[in-house]
Amino acid sequence: MGKTIAIANQKGGVGKTTTSINLAASLAKTQRRIMLIDIDPQGNATMGSGVNKEELTCSTYEVLISEARIAEARIAVDAGYDLVPANGELSGAQVELMDVERRESRLREALRSRRASFRSDTGRRKCRSACRAISEPAYWQQYS
């Protein structure tokens, strides 16, 4: 079974994105299967992984609102890990999911279905500090 690591901090500018990208790339170099999930509407982990966030056809947003599976949003990047990218559309998920039951388990459920076909050794989530409704489930996912 793979490990899940959520990299989150309420303060901005503390190195969450840099840590996430470098850790994913470093672990990928050791022949581990890694999936980095960008849960930040700014999409900096996406851009830092070499993916243009403006050209996405599927992202974390679609996964969280159940319009797509993680397998559809996943992109293999040159650094050797898989990325589930994000962009500004993710900001809308916080509002759209506000009244949805079990919204905090959306990411967990998406990952559970993905684990059946993809065994990553470590999953990483880069979380934005201000989007509590989105980042809090990533934190709790690592304990389920």
Placed amide H near GLY80: partners under 5 Å, 5+ positions off or other chain: none
Long-range HN-HN contacts of ILE5 with modeled amide H, under 5 Å: GLY123, ARG124, ARG125
Mean Cβ neighbour count within 10 Å, used as a protection proxy, ranking 3-15, 60-72, 80-92, 37-49 highest first: 37-49, 80-92, 60-72, 3-15
Cut-off 12 Å (backbone N to label point 7 Å along Cα→Cβ of LYS3), residues of the stretch 25-56: 27
Per-residue ³J(HN,Hα) for the stretch 28-44, Karplus 6.51 cos²θ - 1.76 cosθ + 1.60, θ = phi - 60°, Hz, x for Gly and Pro: 5, 5, 9, 6, 8, 8, 10, 10, 9, 10, 7, 10, 10, x, 5, x, 5
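We did not get these values from a lab; they are worked out from the coordinates using the rules stated. Quick caveat, the model's predicted, so the values are computed rather than measured. Heads up, the Cβs are rebuilt from the backbone with ideal geometry, glycines too, and the neighbour counts pull from every protein chain shown.
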